[in-house]
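Take a look at the structure below.
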Amino acid sequence: MALPKLVSAKYSLEIPSTKELIEYRPYLVKEEKILMMAFETKDQAQMISALRDTIAGCTEGKVKVDNLTIFDLEYIFLKLRSKSVGETSTLGIKCSECSKTSQVEVNLNEVEVLGEIKPSAKIELTDTVGIVVKYPTVKGLYRQLQKNDETDSAMSAVISSIESIYDAENVYPAENETEESLLEFVDSLTSDQFKKLTSFFDDMPKLKHKVSFNCQSCKIPNDMDIEGLQNFF
């Protein structure tokens with residue numbers, strides 16, 4: 001006789017970068033095991049792969065995970081974790097005064113993506129030449145993590161975020177160019193021009209939450225910003 005099948009509860013959330021409303025279910029025990037094994041390796045490529053697969057499964061494949069921005073991925077997973085494991089997480093945070101660790105409880109439902117979200121930005125390099133860039137995607141990040149050299153990895157991240165290059169006469173979509181030609185173009189930039197390009201990523205929205213607590217050792221009050229998915233677990 002076939003065993004009964006459990007029906008998972010459904011929830012909804014808004015993808016930060018697109019404002020698209022999506023439905024999702026909590027992740028299952030089998031998915032949690034894969035996530036735990038991936039996080040235990042400390043290997044970012046394995047962690048991203050596990051997150052991609054989990055989000056795809058929990059949204060029944062209706063979300064194109066590879067097209068999500070990094071902060072979308074982090075936000076969606078945080079919501080999944082909240083409904084799957086619990087709405088609070090106890091973090092070990094070092095005191096700014098004595099450096100001793102205090103256990104601080106954070107309500108994950110209060111964590112949001114902070115910062116102005118821009119679908120793309122036009123970076124003017126000269127009076128006639130410029131670049132249109134977009135936020136790094138999950139696909140771009142995963143490719144970046146395959147690079148062994150840190151310099152190659154950082155450059156790959158920049159290149160994967162180029163949407164197009166333009167001059168006074170034409171627009172050159174990045175999807176029509178090879179990675180080698182894009183790398184050659186970026187390598188030809190001056191230091192100031194490259195800083196203009198990377199400043200877009202410096203201001204990228206982040207998963208962020210302010211925590212306030214009194215150190216459990218020295219009793220000094222602390223106010224800190226927690227950023228990035230890994231810091232919430």
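A few remarks follow.
- Of the helices (runs of 4 or more DSSP H) entirely within region 123-233, those holding at least 2 residues that are over 30 Å from ALA56 (Cα atoms) and not acidic (Asp, Glu) occupy 179-187, 191-202.
- Checking each residue in region 7-32 for being of a type in the set (Lys, Arg) and out of contact with any Ser or Thr (no Cβ under 7 Å at 6 or more places or on another chain) picks out LYS10, LYS19, LYS30.
- Within region 163-181, being over 11 Å from ILE131 (Cα atoms) and out of contact with any Ser or Thr (no Cβ under 7 Å at 6 or more places or on another chain) holds for GLU169, ASN170, GLU175, ASN176, GLU177, THR178, GLU179, GLU180, SER181.
- Qualifying residue in region 61-78 (condition: free of Cβ contacts under 8 Å to residues at least 24 places away in the same chain and more than 29 Å from GLN216 (Cβ to Cβ)): yes
- Residue within region 1-13 that is modelled with pLDDT of 95 or more and closer than 24 Å to MET204 by Cβ present: yes
- Applying the set (1) more than 30 Å from GLN216 (Cβ to Cβ); (2) assigned to a helix (DSSP H, G or I); (3) within 15 Å of the chain's Cα centre (by Cα); (4) of a type in the set (A, V, I, L, M) to ILE117 leaves exactly one unmet item: (2).
- Conditions (1) in the same structural domain as ALA168 (by TED's automatic domain parsing); (2) more than 15 Å from the chain's Cα centre (by Cα): number failed by MET36: (1)
Yes/no per residue for (1) surrounded by 14 or more Cβ atoms within 10 Å (Cβ to Cβ); (2) at pLDDT 95 or above:
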| residue | (1), (2) |
| --- | --- |
| ALA168 | no, no |
| TYR172 | yes, yes |
| GLU177 | yes, no |
| LEU183 | yes, no |
| ASP187 | no, no |
| SER199 | no, no |
| ASP202 | no, no |
| LYS206 | yes, no |
| GLY228 | no, no |
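- Qualifying residue in region 150-166 (condition: more than 23 Å from the chain's Cα centre (by Cα) and either outside the structural domain of THR101 (by TED's automatic domain parsing) or at pLDDT 95 or above (or both)): yes
- Residue tally, condition under 29 Å from CYS215 (Cα atoms) and either touching a Cys at 6+ places or on another chain (Cβ under 6 Å) or not assigned by TED's automatic domain parsing to the domain that holds ILE55 (or both), over region 79-110: 4
- On the stretch given as region 179-201, residues that are among the β-branched types (Val, Ile, Thr) and within 25 Å of the chain's Cα centre (by Cα) total 2.
- Test: residue in region 18-41 that is surrounded by 14 or more Cβ atoms within 10 Å (Cβ to Cβ), in contact with a Gly (Cβ under 9 Å, 6 or more places away or on another chain) and under 25 Å from LEU145 (Cβ atoms): yes
Every residue, every condition in (1) farther than 14 Å from PRO16 by Cα; (2) within 18 Å of the chain's Cα centre (by Cα); (3) surrounded by 14 or more Cβ atoms within 10 Å (Cβ to Cβ), yes or no:
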| site | (1), (2), (3) |
| --- | --- |
| VAL63 | no, yes, yes |
| LEU73 | no, yes, yes |
| LYS83 | yes, no, yes |
| LEU108 | yes, yes, yes |
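- From the options LYS83, LYS94, residue that is among the charged types (D, E, K, R), modelled with pLDDT of 90 or more and within 18 Å of MET224 (Cβ to Cβ): LYS94
The values are calculated or read from the model by the stated rules, or taken from the named source; none is laboratory data. In this text the structure is predicted, and so the values were computed from the model without any measurement. FYI the Cβ positions are ideal-geometry reconstructions off the backbone, even for glycines, and counts take in every protein chain you see.
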